[in-house]
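Working notes for the structure below.
What follows draws every value from the coordinates through simple rules; no lab data is involved. Please read these numbers as outputs of a predicted model, since none were measured by experiment. Neighbour counts run over all protein chains shown; Cβ positions are idealised from the backbone, glycine included.
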Amino acid sequence: MIAQNESATAPHGKPEVLVLVGPTAVGKTNLSLEIAERYGCEIISGDSMQVYRRMDIGTAKASSEERSRIPHHMIDIHEPHEPFTVAEFQERARELIADIHSRGKLPFIVGGTGLYIESLIYGFQFSEAGSDEAFRERMSLYADEHGDLALHDKLKRQDPLSAERIHPNDRRRTIRALEVLHLTGTRLSEQLASQKKRSPYESCIIGLTMDRTLLYNRIERRIDQMMEEGLVQEVRRLLHEGVERTAVAMQGLGYKEMAGCLAGEMTLEEAVNYLKRNTRRYAKRQLSWFRHMQEIHWVELEEGSNISEHLKIINDIITGKFPFRREYNAKRRNDAAANPTQTI
């Protein structure tokens, strides 16, 4: 039996890490809470947008009630005007994994930003490509004159795989991918493909997927709910605080579209339609990224199915990979039987 303060490591000494990935709106949050309670986890957000403070509705953060159930990390750690990089995510998440293990808990990475999660789990080494400020300025001016889509088309011609993974609205990452090729002569996608992927962790990676039509319907319902919860007002407040529309955080889904609406560049109806379209495209890119990752155990979710059916499949995957966690889960069930008010 695992003591509460005992660090959980695999027999060969690697720290164990549980991972849950999937496209936006597939249902990661609800399942992650149930899984975390069953296996003594603390959740590390693997979402590049949830790091930003006061950007809650558009990033679909776990609610304060949900975060009170399970400790969450890597949420609300940056101001919206501050850029956040994959290298910083990797460094901070490694520290969190060590800390969570030191308290006898199981680190649980949950999110949809493929590069962030893959860089952490597979221990990516980032090249020292350096920077060329003059090149960045030229590309930024090009985007100002011709639009972000034209800049993204430039990347698509030179590095189509990177273009597939980078959102057309994400000017910073588009420019960085172009800059890496400019400085090194090697495409960013080729550098990522050449990573040896020697993980410092023993990972159990679960991927959630869903029929495309069902997923798109869920995306549309989520966006309608975001609008009802006040997405426009959230974006307006950020702009009034002085957050520039060109800030990295404001390039996120929902923020760019609503900012355009507030600037009079489109109607609210048009902004919502663009957001739904862009989110569907993003979900498609997420699935494409995750399907290239190694050793993912895929779970097909069905609309209307009881969550317990999905949890049974997921439990079998986790205990098959981390056998001692079966004992932890059994202990929680026995404790709950002895104390019916306890949640398992």
Exposed-loop cut sites defined as trypsin sites (Lys or Arg not before Pro) in DSSP loop states with at most 16 other Cβ within 10 angstrom; longest site-free run of the chain spans 104-195
For the pairs 105/284; 61/284; 28/154; 61/276; 14/61; 105/321, flag any whose C-alpha to C-alpha distance is greater than 23 Å. 105/284; 28/154; 14/61
I need the GluC sites (Glu not before Pro) found in segment 69-174, filtered to DSSP loop residues with at most 16 other beta carbons within 10 Å of theirs. 128
List the relative contact order of segment 133-193 as a percent without decimals, with contacts defined as Cα pairs under 8 Å and 6+ residues apart. 30
How far is it, in nm, from the label point at residue 316 to the one at residue 198 when both lie 7 Å from their Cα along the line to the Cβ? 3.5
Report the full-extension gain for the segment residue 288 to residue 220: residue separation times 0.36 nm, less the Cα-Cα distance, to one decimal in nm. 22.5 nm
Long-range amide H contacts for residue 77: which residues qualify at under 5 Å (H placed 1.01 Å from N, peptide plane, sequence gap of 5 or more or a different chain)? 52, 53
Could you derive backbone 3J(HN,Hα) for segment 173-178 from the dihedral phi with the Karplus parameters 6.51, -1.76 and 1.60 (θ = phi - 60°), listing whole Hz in sequence and x where the residue is Gly or Pro? 6, 4, 5, 5, 5, 5
For residue 46, other-chain or 5+-apart residues with amide H closer than 5 Å (H placed, Pro excluded) are 110, 111, 112
If the viscosity is 1.002 mPa s and the temperature 20 °C, what Stokes-Einstein diffusion coefficient in µm²/s follows for segment 133-193 when Rh is the Kirkwood radius over Cα pairs? 191
quick shape note, the chain: Cα extents on principal axes in Å, largest first -> 67, 45, 36
Residue 106 long-range amide H proximity, modeled H, under 5 Å: 41, 42
Using the Karplus equation 6.51 cos²θ - 1.76 cosθ + 1.60 (θ = phi - 60°), what ³J(HN,Hα) coupling, rounded to whole Hz, does each residue of segment 264-272 give in order, writing x for Gly and Pro? x, 7, 7, 7, 4, 4, 5, 4, 5
Can you give me the three principal axis dimensions of segment 190-246 from its C-alpha atoms, in Å, biggest first? 45, 34, 24
Taking a label point 7 Å from the Cα of residue 65 along the Cα→Cβ vector, which residues of segment 21-40 have an amide N closer than 17 Å to it? 29-34
